[in-house]
Amino acid sequence: MPVTVMVAGGAPLGGELRVPGDKSISHRALCIGALGEGTSVVRGLSDGDDVRRTRDALAALGAEVHDDGDVVTVSGGRGVLHAPGAPLDCGNSGTGMRLLAGLVAGLDGETVLVGDASLSSRPMDRVAAPLSAMGATVTGRGPRCFPPLTVKGGGLQGVEWTPEVASAQVKSAVLLAGLSASGVTVVHEPVRTRTHTEELLESAGADIEVVDDGVGRTVRVRASPLEPLDLIVPGDPSQAAFWVVAGCIVPESAIRVRAIYAGATRTGFLGVLVRMGASVDVVTRLRDGGSCADVAARSAPLSGTVVHASEIPSLDEVPALALAAASAEGTTRFVGMGELRVKESDRLEGTARLVEAMGAAARVEGDDLVIEGVRPGGLRHFRFDSGGDHRMAMAAAVAALAAGPGESRIDGFSGVATSYPAFLQHLRHLGGGARVQLVAIDGPAGSGKSTVSTEIAARLGVARLDTGAMYRAVAWAALERGVDPSDAPAVAELARDAAIDPGPPDVSIDGVVVTGAIRDAPVNAAVSTVAANPAVRATLVERQRAWAAAHGGGVVEGRDIGTVVFPDADVKVFLTATPEERVRRRHDEAADGIARRDELDTTRAASPLARADDAKLVDTTGRTVDDVVDEVLSWLR
Ligand code: DC
């Protein structure tokens, strides 16, 4: 997933799609499946990194997990699971860590749960307290129990627990621990939170009782064997919210999101949108005992409203709803949003910042977020750093789609891989524009092009194209097939007809892997002649442009990238180094060979090696790769 994405507005959106399987249900289905006696079959699981971590963690606890594309099977059972030999890495996922904490509290022995930097700054005290009350020893950093979290489990007793702050994750952790505790475990929720854990435990035949009382809920569970699950995970409503809001606020749009989970605790955002005057149609149908809905949204004028935290218990859809508020007439007040501060990032501050960046006004009053909308057409493009928070990045993308003609730059986009790897694909499918930056790197042999461009591509999270490898592959094929490299028409025909895969990892031509062979002496000697052939250049340049269009940008290196292939690249760099340094770097190629190639590349008629007027000149002699890369990245607007 790219780190920085440019999203264009100005086009209406239209079409249908399915969002990834619901993350909350996916985590829970895996955990409950692993506790079931037998093999659970789960279809449509979320493909994000968060859920993959939970899957890997359960495998480390002894469950057998098989992934057959759309179908995942989990075979476990209470007698099979055991404390792991190494820490469980939950990545970015608070849900994963809290659920797993509850599950491993029921296992004898010690489990350590770790996470990334963002997760390591999220408090775990609210799960640590009930699990400790049940007899586990749970320790983390400081009084708020920040990860790494160490759980010494086994020998649990049931508790009666009323969470201080309504939280589905805490409820779920206690219920999962309760499955291994003696006696009854009871959770009283003053405000009902998402109900997936109870619902899935019921489908697994657990000894569970649920009583709703006004806006609250009491759940009782006793240890009992669980049956395996057979489940289709519906689409994630919190991901659907981005497209539904996009349909509402991008002028002239009509979007349908199919088969999302439609339980009341997860679809409060739809009620809020309807109250704002949105044109949203919900067609609900029952599937596998759970409710599932197709949601259609089309653009319509919106007006401000008051949104209470109890309408959206997880607060996951608040960043998306804030965009609707920014495009609505009047004021919208989000009441009681304090919990947004302890999500993957401080989403209260982040949402206010995004709304301001897009041209509306936002202020935080205590725990409330107040947004003054702007008239239609009043939104503008912006630059926004999501700090790696997936929901803030996706919200920013929708904001850019609504901001009219032009383009916004969103940094910290790679976090989207945690929950919605196909997000950009879906954005394009609906008619939105998204691209990554295009970095053009030119320079002679041994100037550091490959090393520098590989590192830049890695840092930006984008693909890299080594165009020299394409010329080399054609030269290799000519030699291999007995075509004289200086027979211009014959080599041109060969290039036109050849299927070239420039990798990475492997370079191939017409299906033959030539990664190593194209660096050998015969190719070194022939390639400049091949590269001087205008017809070969025309063919390969066209393919290089097609590559960049398909990738939405990327890092492209070669001899004419900034001058001919991509004169409008976001940044153009011309690397050099002293002749001695370049010979030293190309230790496998004789000095006179390099000099001859430089001479041929620089003096040929067709697109000679030359620095574009606006290319930044970087002498890499005696500099570290990181130093050069930092400098190049600093030029990206
Ligand atoms: O970067 P390299 O050494 O792998 O390039 C191999 C040859 O291809 C070199 O002689 C220059 C030529 N080339 C070119 O003319 N245009 C490009 N875009 C890339 C490489």
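The values are calculated or read from the model by the stated rules, or taken from the named source; none is laboratory data. Being a predicted model, the structure only gives us computed values, none of them experimental. Virtual Cβ from ideal backbone geometry, glycine too; neighbours counted across all protein chains shown.
Would you be able to tell me the number of residues in segment 14-35 that are in contact with a Phe, Trp or Tyr (Cβ under 8 Å, 6 or more places away or on another chain) and surrounded by fewer than 24 Cβ atoms within 10 Å (Cβ to Cβ)?
2
Restricting the search to segment 437-474, which residues are assigned to a loop (DSSP other than H, G, I, E, B), among the aliphatic types (A, V, I, L, M) and touching a strand residue (DSSP E or B) at 6+ places or on another chain (Cβ under 6 Å)?
VAL462, ALA463 - these are the residues of segment 437-474 that are assigned to a loop (DSSP other than H, G, I, E, B), among the aliphatic types (A, V, I, L, M) and touching a strand residue (DSSP E or B) at 6+ places or on another chain (Cβ under 6 Å).
Is there any pair linking a residue in segment 582-602 that is free of Cβ contacts under 8 Å to residues at least 24 places away in the same chain to one that is more than 10 Å from the ligand (Cβ to nearest atom) and assigned to a helix (DSSP H, G or I), with Cβ under 6 Å and at least six apart or on different chains, and which?
From segment 582-602, the pairs are ALA591/VAL583.
Any idea which residue in segment 516-544 is nearest to ARG435 (Cα to Cα), counting only those that are within 12 Å of the ligand (Cβ to nearest atom) and under 33 Å from the mean Cα position of the chain (by Cα)?
In this case the residue turns out to be GLN544.
Quick check: anything in segment 117-136 assigned to a strand (DSSP E or B) and over 27 Å from the mean Cα position of the chain (by Cα)?
Checked segment 117-136: no residue is assigned to a strand (DSSP E or B) and over 27 Å from the mean Cα position of the chain (by Cα).
Filter segment 589-606 down to the residues that are at pLDDT 85 or above and part of a loop (DSSP other than H, G, I, E, B), then identify the one that is farthest from the ligand (Cβ to nearest atom).
ALA605
When you scan segment 84-92, do you find a residue that is buried (at least 24 other Cβ atoms within 10 Å of the Cβ) and not in a loop (DSSP other than H, G, I, E, B), even just one?
Yes.
Do we find that ALA463 is touching a Gly at 6+ places or on another chain (Cβ under 9 Å), more than 20 Å from ALA605 (Cα to Cα) and within 15 Å of the ligand (Cβ to nearest atom) in this structure?
For ALA463, the condition - touching a Gly at 6+ places or on another chain (Cβ under 9 Å), more than 20 Å from ALA605 (Cα to Cα) and within 15 Å of the ligand (Cβ to nearest atom) - is not met.
Let's see how each residue does on (1) in a helix (DSSP H, G or I); (2) within 12 Å of THR95 (Cβ to Cβ); (3) small (Gly, Ala, Ser); (4) within 25 Å of the chain's Cα centre (by Cα):
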residue: SER26; (1), (2), (3), (4): yes, yes, yes, yes
residue: ILE32; (1), (2), (3), (4): yes, no, no, no
residue: GLU37; (1), (2), (3), (4): no, no, no, no
residue: SER40; (1), (2), (3), (4): no, no, yes, no
residue: ARG53; (1), (2), (3), (4): yes, yes, no, yes
residue: LEU58; (1), (2), (3), (4): yes, no, no, yes
residue: VAL65; (1), (2), (3), (4): no, no, no, yes
residue: VAL72; (1), (2), (3), (4): no, no, no, yes
residue: GLY77; (1), (2), (3), (4): no, no, yes, no
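Just give me the residues in segment 461-474 being farther than 29 Å from PRO485 by Cβ and crowded, with 22+ Cβ neighbours inside 10 Å, in sequence order.
Once the filter is applied, which keeps residues that are farther than 29 Å from PRO485 by Cβ and crowded, with 22+ Cβ neighbours inside 10 Å, segment 461-474 yields only VAL462.
Is segment 573-585 home to any residue that is at pLDDT 90 or above, closer than 23 Å to MET6 by Cβ and away from the ligand (no atom under 11 Å from the Cβ)?
Yes, segment 573-585 contains at least one residue that is at pLDDT 90 or above, closer than 23 Å to MET6 by Cβ and away from the ligand (no atom under 11 Å from the Cβ).
Regarding segment 548-568, can at least one residue be identified that is near the ligand (Cβ under 9 Å from one of its atoms), under 30 Å from PHE423 (Cα atoms), part of a helix (DSSP H, G or I) and not small (Gly, Ala, Ser)?
yes
Here is a list: VAL507, VAL439, VAL483, VAL452. Which entry is surrounded by 23 or more Cβ atoms within 10 Å (Cβ to Cβ), touching a helix residue (DSSP H, G or I) at 6+ places or on another chain (Cβ under 7 Å) and either closer than 25 Å to GLU599 by Cα or free of Cβ contacts under 8 Å to residues at least 24 places away in the same chain (or both)?
VAL452
Out of (1) outside any strand (DSSP E or B); (2) surrounded by 19 or more Cβ atoms within 10 Å (Cβ to Cβ); (3) modelled with pLDDT of 95 or more, what's the single condition that is false for ARG341?
Only one criterion is unmet by ARG341, namely (2).
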